[in-house]
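Here is the structure we will look at, set down as structure tokens.
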Amino acid sequence: MSRTVELCDMSEDSRTTSRPLFLERRSIEGTCPRCGAEQLCGYPVNSEGGWFDVVKCQYCLLSVSRERGPRLGPIRLLTDQL
């Protein structure tokens, strides 16, 4: 007895209704102290210690600066603004 198995192409899945989320990285002036590239960007990062606002070199990924960020990262609650 033989069976035919039909494969589903997930790239054309009609159930997906929302677009993927992307976080914009803001350009930061300056040069990387490690590689000298002028490709610094700032954005929030979630790591083992919580959320941090970082500036990273986009060429070698060195963290140029890292400061504690808001407790929910890019999500801003109204109570945080009071």
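For K56, what charge total do you get from the other residues with a beta carbon under 10 Å from its beta carbon, if Lys and Arg give +1 and Asp and Glu give -1? Neighbour charge sum, excluding K56 itself: +2. In order along region 36-48, the phi-based Karplus estimate (6.51 cos²θ - 1.76 cosθ + 1.60, θ = phi - 60°) of 3J(HN,Hα) comes to x, 5, 9, 10, 9, 9, x, 6, x, 9, 9, 9, 4 Hz; Gly and Pro are listed as x.
What does the charge count near V45 come to, summing +1 for each Lys or Arg and -1 for each Asp or Glu among other residues with Cβ under 9 Å from its Cβ? Could you put the intermediate results ahead of the total?
Numbers: positive: K56, R66; negative: D53.
Residues near V45 contribute +1 overall.
Other residues lying with their Cβ under 11 Å from the Cβ of P74 contribute a combined charge of -1, Lys and Arg counting +1, Asp and Glu -1. Assuming a ≥ b ≥ c are the square roots of the Cα gyration tensor eigenvalues, decide whether region 30-82 counts as rounded (a/c under 1.5), prolate (otherwise, with a/b larger than b/c) or oblate. In terms of gyration-tensor shape, prolate.
Read-outs throughout are calculated quantities, based only on the coordinates presented, and are distinct from any laboratory measurement. A quick note: this is a predicted structure, and the numbers were derived from the prediction, not measured. Quick reminder, even Gly has a Cβ in these numbers, built from the backbone with ideal geometry, and neighbours come from all protein chains shown.
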